[in-house]
């Protein structure tokens, strides 16, 4: 039975395998730090494979770089042995919710999420710290180990987080920020589904650099737009111009797989464009606009069957000029005519010809009905002027949260809405702040009966002792975020039930059940070092006596071990967890028996046999759990008899 590795995959090793499959002649060997041979890539040979000419030495080429970029790439690829520990007491509806709130450095958390949510996230929204010269917190290190740097720097908050004063005078104003954001985006890309989209709120200070980074990470072809957002109206700040807008960068994993964005039609568009009203027939009273059935840009190169004569109201015929065509082929036109979607207009300047080759006196239009287009929506513009920052302060005040720095709920709801994805998607925010994204997801779910799930990630950054949040008892930003979700969820359910009752439904009817089905819970997980002692990862570095000691840290629970196993085995961290008792031992069942685990001591053959009879896909056992040597000897035989397909692992 194999041991769990209890660390994330080494991305470099996986990349080496992919390159070796394409260019096996570029695969070579080298000695690792322990003197053992390991696979490596001959980069000189690889460069030659990717060039039509002989490559001799480095050549100048277009590239975007900055100090420490190589280390930022290394940091994104490096595996982690950290884990996520469940915190039931701070969670809401831990056993049933599909939502996650994760505390810890978002780079390490993203690496762990990559094990479980690879290609499963449909939307990422982040509002990273703007590079305005204020402090921002992260614990990346490019010169020494993270632990050494944080210890030596002397700049720690009460949670042990590194505090970097990122002022323009430090000489690394842009470098520090780029090294912070780059590896996080690189890892986050792996979480996006093929049609997934990332929205990034950003100020003007790093807009250009962030755009270049995203084009490198996601690909230039996958850049969709830069949205300008009105932050505030008026103002008299700034040396030359008052900064009233910020931006939302929009990239996708694969633009060819991404659905077209749509939003509701504006009142201005309806009144100015759909300005005609049907006066008779089955669609009487409906608004519509017209579009020429013939357009000068259309040629027969596209469809030779789209040039034909049309009968006009006065008995004459009309046809597009030679070499031109109608927008639709004749069968489609006849269907539109029978559905009363064709409009003839008498004109002296018709581009059409009559049956004698002379200028026609008629032009032909199709009716585009407002009701049909409203269901489809319109393409959104890259300017947003509805959701100013002042709205967020009101939203937080309405639930008694004293916090000033967050994006409005309406902004995130709008971005969710224009995706026009199904309402059962997963949304990630790894700079979650006060949890605006979670609030928006719950609110939109309440409005359209959706089942969207959120994953919030936030470093427990200390609040300013002079702030109202600190005075109200919130010692770090995570406390604000979790309490906001609790209060916002409760308020959303109350408003939903009230609305249904006001519409004539009785309490306890479908209105009450709908409110109860709304997922306003969240499962709190906290980033921590591995559950395992150092001897687990490097037994060769310890003497023989230490190998007989328990390899699990003394302060870790069975549920801690379960979650670390779930991470390595790729099981979603929101999966349903049940606790059972089999032959007097506690057995954990995850995702309805997909994973079963037992971490008790003195586990006998009865317990193992009963678990095997339930045919789990995975079974995980603590290394020291088996009661006797005899049980250990019979272990594999039991599984071979009752469930030989089960993958067995030990911790």
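Any read-out appearing in this document is the output of simple, stated calculations on the displayed coordinates, not a laboratory observation. Quantities reported herein were computed from a predicted structural model and do not represent experimental measurements. Here the Cβ is made from the backbone with ideal geometry for all residues, glycine too, and neighbour counts use every protein chain on show.
Okay, here's what the table says:
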{"item": "nm² value of the averaged projected area, convex hull over the Cα atoms of region 554-651", "result": "5.8"}
{"item": "Packing rank of 5-13, 176-184, where each peptide gets the mean count of other beta carbons within 10 Å, highest leading", "result": "176-184, 5-13"}
{"item": "At R0 = 56 Å, FRET efficiency that the Cβ-Cβ distance of residue 40 and residue 630 yields, to 0.05", "result": "0.75"}
{"item": "14 Å reach of a label modelled at residue 233, 7 Å along Cα-to-Cβ, counting backbone N of region 391-409", "result": "391"}
{"item": "Contact order relative to length of region 542-650, as percent, for alpha carbon pairs under 8 angstrom and 6 or more apart", "result": "19"}
{"item": "Exposure proxy ranking, count of Cβ atoms within 10 Å, fewest first, for 431, 173", "result": "173, 431"}
{"item": "Extension gain from residue 579 to residue 5, taking 0.36 nm per residue of separation minus the Cα-Cα distance", "result": "204.2 nm"}
{"item": "Relative contact order of region 268-370, pairs being alpha-carbon contacts under 8 Å that are 6 or more residues apart, as %", "result": "30"}
{"item": "Least to most buried among 263, 214, 478, 449 (fewest other Cβ within 10 Å first)", "result": "449, 263, 214, 478"}
{"item": "Mean Cα-pair separation over length for region 174-317, i.e. relative contact order, pairs under 8 Å, 6 or more apart, %", "result": "21"}
{"item": "Values of log10 I(q)/I(0), in the order q = 0.05, 0.07, 0.11 Å⁻¹, for the chain under a Debye, Cα-only, solvent-free model", "result": "-0.34, -0.63, -1.22"}
{"item": "Chain lengthening between residue 594 and residue 383 when straightened (0.36 nm per residue, less Cα-Cα)", "result": "71.3 nm"}
{"item": "Once the Cα gyration tensor of region 268-370 is diagonalised, semi-axes √(5λ) in Å", "result": "25, 15, 14"}
{"item": "Separation in nanometres of the label points that stand 7 Å from Cα toward Cβ, at residue 330 and residue 347", "result": "2.4"}
{"item": "Nitroxide proxy distance, nm - points 7 Å out along Cα→Cβ at residue 280 and residue 31", "result": "9.6"}
{"item": "Estimated distance in nm for a label pair at residue 398 and residue 12, the labels positioned 7 Å out from Cα along Cα-to-Cβ", "result": "5.1"}
{"item": "Mean residue ellipticity (222 nm) of the chain, computed from DSSP H runs ≥ 4 via -39,500 (n - 2.57), nearest 500", "result": "-9500 deg cm²/dmol"}
{"item": "Sites residue 314 and residue 338 - FRET efficiency at Förster radius 25 Å, r taken between beta-carbons, to 0.05", "result": "0.80"}
{"item": "Gyration tensor over alpha-carbon atoms, region 258-319, equivalent ellipsoid semi-axes in Å", "result": "29, 22, 10"}
{"item": "Computed FRET value (nearest 0.05) for residue 534 with residue 420, which takes r as the C-beta separation and R₀ as 45 Å", "result": "0.35"}
{"item": "Antiparallel content of DSSP bridges confined to the chain, in %, to 5", "result": "65"}
{"item": "19 Å cut-off, amide nitrogen to a point 7 angstrom out along residue 356 Cα→Cβ, residues in region 309-341", "result": "309-322"}
{"item": "Convex hull (Cα only) mean projected area of region 303-448, reported in nm² to one decimal", "result": "14.3"}
